[in-house]
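The values are calculated or read from the model by the stated rules, or taken from the named source; none is laboratory data. It should be emphasised that the depicted structure is a prediction, and the values quoted were computed from it without experimental measurement. Because the Cβ atoms are built from the backbone with ideal geometry, glycine has one as well, and the counts that use them run over all protein chains shown.
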Amino acid sequence: MIFQALYELAQRERLLDDGAYEPQPVAYLIKLGRGGEYLGYSAPRLDPVLDSKGRTKGRPRPPARSIPRRSDRTSGAKAEFLVDKAEYVFGIDPRGERDSARLAERRALFREFVGRASDALDSDAVHAVATFLDREVPYELLALTTPEKESEKLERSGELFAFVYEPDGGVPVHESPEVRAWFTAELDNDGDDRVGQCLVTGKDGLRLARLHAKPKNIPPKSKTKGGVPLTSVNGEAFKSYQLGDIQCAPISREANVAIETALNRLLDPTYKRPDGTPCEPRNVSISPDTVLLFWAREEARLDWFGQIEHEPPEKVSELLRSPFKSAHAPIEDPAAFFALILSGTQGRAIVRSFVQSTVAKVARAIDRYRDEVRIVRPYGEGPGSFALRDYRRALVPRRDLDLLPPALATDLYLAIVLDRPFPQSILQTIVRRNRVEFLPRRDRGEGRDDQILSIRCSLLKAWLTRNRKENISVALDRQRTDPPYRLGRLLATIDHLQQDALGNVNATIVDRYYGSASSTPESVFPTLLRRSQHHLGKLRREKPGLAVNTEKLLQEIVSDLQRFPKTMTLEDQGLFALGFYHQRQDFFTKKEDKQNV
């Protein structure tokens, strides 16, 4: 089903005009005259690399051109046709790491490939390239491919060179119709005559691909250079029903090319169709080594989906109800929706999950999620929620996403998109992070960072609302009598009392007792209440009005507590954290603002 959906995407978005060619960035065009005369080179204008939000990132790169489809070359010597790297076109390694014999072999392979085309075609342009390759490398190109700076050496080693025949009006040689036709026939006559029924299209009698699609840019890119396949049969463990090699998953060459092109289009936020029109970004990075690809079967509006990564869901919700260009509003769109979550390893891609739904169902799931995570926020921001990236950062130490397990990030995304219960691991992680770092110090300045606490409690609220069917309020709920919620309120009140009586202290009650108070209340709260009487006594002498109000609040909280529980479950500890957070924010919320919650 994954491959069929990708094949349909390639057909619908017209990603292929020629299965034998593919878009790749070409850094330099070598200009040739009649008889292979060298006339100089040109470097196309570099295009900035943009992320999913349109911001510039990394180094600019050359624009993509339609060039002969790359082979499955890895570490072995194998030349591409007419467009290749410096070590094949010139026999020069910009990094200076390969020996001269190996470089000479690679240049000879490139010359032999071009020579076959030159012998078969009556083309002055191809003859000119073959003649040029028989001569020594011009000094200008020699200087270009042997830079002195180390950074330029690495960059130049991966750049592609192509040829332009000036008498034909400066058209790249590989783009001429006769060269295209010859190369297409060359691909079809590669000596592999295996035919069969394609699992993707259902058609019989088609030539089958020897190797399955190897898309590029699956993270982490350091382990997937050159692309990695989603499926492969390279060992006995992958064979079944006495079928080996491609017989286990026969896919026609046409479908294989379409699948690879569709994956490359989804993985590249700046991908352009053969006619040069840009494609809308269709991927979201959910961890350093995991990416989510999404698309629809029809011309559905999907710009809102990627925004949940960087925008609070209440902002995204506005887009869910607005039609675009006479199309359905997303929350009413019946179009089929697909999402594919991938991670990369050396040699193979990991399919973490594949989602099949409808645009309307996914939009409604995100709309429901918006209500579940809505909570009162600190610093006078009012009730609301946070971007999904903030929630993921709150689950790891120092907000370092490199430490986020891919499985946890995947489960969180799927729970939101599919409207399924949140995984238990989310609750476990939040409870654990709260015990270790409940109110972390701010990176700059004095005071505590209530923002990270607010983010965790927002996700806690969603977990308890969905998984336990709890009716959790946005702000403080004085009518709620659950012991865990009341105990969280009690700890926040005792902590606030300490600050009113003593001012800022190095180690607060929360620093010292939060972990034990949330897990084993019976062992902590009697002591805390007894010690709080000293703080109340000091407050009565200095601020009697505040002391009276605090004492009334303490009595209100403990009035429904029959006893202190010996231990509390994970769910109870989550409710404890919410009680603490709600009560803490209530201390800093103005009376008129409370009425608007």
Considering every residue within region 333-345, establish whether at least one is more than 17 Å from T410 (Cα to Cα), out of contact with any strand residue (DSSP E or B) (no Cβ under 8 Å at 6 or more places or on another chain) and assigned by TED's automatic domain parsing to the domain that holds S287.
no
Matching option when the condition is under 21 Å from R468 (Cβ atoms) and not basic (K, R), among A409, A387, A365
A365
Can we say L439 is in a helix (DSSP H, G or I) and either in contact (Cβ under 8 Å) with a residue 12 or more places away in the chain or closer than 15 Å to Q573 by Cβ (or both)?
no
If you check V373, V351, which single one turns out to be buried (at least 20 other Cβ atoms within 10 Å of the Cβ) and touching a residue at least 40 places away in the same chain (Cβ under 8 Å)?
V373
Answer with yes or no whether V200 is at pLDDT 80 or above, aliphatic (A, V, I, L, M) and in contact with a Phe, Trp or Tyr (Cβ under 8 Å, 6 or more places away or on another chain).
yes
So V257 fits all but one of (1) surrounded by 23 or more Cβ atoms within 10 Å (Cβ to Cβ); (2) among the hydrophobic types (A, V, I, L, M, F, W, C); (3) not assigned by TED's automatic domain parsing to the domain that holds R61; what number is the exception?
(3)
When the residues of region 530-555 are filtered to those that are of a type in the set (A, V, I, L, M) and touching a Leu at 6+ places or on another chain (Cβ under 8 Å), which remaining residue is surrounded by the fewest Cβ atoms within 10 Å (Cβ to Cβ)?
L546
By residue number, the members of region 265-296 that are in contact (Cβ under 8 Å) with a residue 60 or more places away in the chain, part of a strand (DSSP E or B) and surrounded by fewer than 19 Cβ atoms within 10 Å (Cβ to Cβ) are K272, S285
For the structure I just gave you, tell me whether R432 is within 27 Å of Q356 (Cβ to Cβ), assigned by TED's automatic domain parsing to the domain that holds K461 and either part of a helix (DSSP H, G or I) or modelled with pLDDT of 95 or more (or both).
no
With (1) under 18 Å from L293 (Cβ atoms); (2) of a type outside the set (K, R); (3) at pLDDT 90 or above as the list, and I375 as the residue in question, which single condition is left unmet?
(1)
Out of the residues in region 141-155 that are surrounded by 11 or more Cβ atoms within 10 Å (Cβ to Cβ) and not hydrophobic (A, V, I, L, M, F, W, C), state the one that is farthest from A108 (Cα to Cα).
E152
Can you find a residue in region 20-29 that is more than 22 Å from G226 (Cβ to Cβ) and at pLDDT 90 or above?
yes
Check off (1) without any contact (Cβ under 8 Å) to a residue 24 or more places away in the chain; (2) touching a helix residue (DSSP H, G or I) at 6+ places or on another chain (Cβ under 9 Å) for S357 and give me the number that stays unchecked.
(1)
So which residues in region 405-429 are among the hydrophobic types (A, V, I, L, M, F, W, C) and either in a helix (DSSP H, G or I) or without any contact (Cβ under 8 Å) to a residue 24 or more places away in the chain (or both)?
A407, L408, A409, L412, L414, A415, I416, V417, L418, I426, L427
Has region 293-305 got at least one residue that is closer than 17 Å to S343 by Cβ, in contact with a helix residue (DSSP H, G or I) (Cβ under 7 Å, 6 or more places away or on another chain) and not basic (K, R)?
yes
Can you confirm whether E556 is in contact (Cβ under 8 Å) with a residue 24 or more places away in the chain, in contact with a Pro (Cβ under 7 Å, 6 or more places away or on another chain) and of a type in the set (D, E, K, R)?
no
Residues of region 395-404 being outside any helix (DSSP H, G or I) and surrounded by 15 or more Cβ atoms within 10 Å (Cβ to Cβ), in sequence order, are L395, V396, L404
Between residues in region 521-547 that are closer than 11 Å to D500 by Cβ and free of Cβ contacts under 8 Å to residues at least 24 places away in the same chain and residues that are among the basic types (K, R) and surrounded by fewer than 17 Cβ atoms within 10 Å (Cβ to Cβ), which pairs lie under 8 Å by C-beta distance while being six or more apart or on different chains?
A547/R540
Among the listed residues T184, T146, identify the single one that is part of a loop (DSSP other than H, G, I, E, B) and either modelled with pLDDT under 90 or of a type in the set (S, T, N, Q) (or both).
T146
Odd one out for E299 among (1) outside any loop (DSSP other than H, G, I, E, B); (2) surrounded by fewer than 20 Cβ atoms within 10 Å (Cβ to Cβ):
(1)
Which residue out of T493, T520, T527 is within 43 Å of the chain's Cα centre (by Cα), within 19 Å of R563 (Cβ to Cβ) and surrounded by fewer than 17 Cβ atoms within 10 Å (Cβ to Cβ)?
T520
What do you reckon, is E311 in a loop (DSSP other than H, G, I, E, B), at pLDDT below 95, outside the structural domain of S232 (by TED's automatic domain parsing) and over 30 Å from R584 (Cα atoms)?
no
Look at region 310-347 and say how many of its residues are under 23 Å from the mean Cα position of the chain (by Cα) and surrounded by 15 or more Cβ atoms within 10 Å (Cβ to Cβ).
20
Any residue in region 88-108 that is without any contact (Cβ under 8 Å) to a residue 24 or more places away in the chain sitting within a Cβ distance under 8 Å of a residue that is of a type outside the set (D, E, K, R) and surrounded by fewer than 18 Cβ atoms within 10 Å (Cβ to Cβ)? List the pairs, counting only those 6 or more apart or interchain.
Y88/L109
Of these, L388, L403, L395, which one is touching a strand residue (DSSP E or B) at 6+ places or on another chain (Cβ under 9 Å) and either more than 20 Å from L439 (Cα to Cα) or of a type in the set (A, V, I, L, M, F, W, C) (or both)?
L388
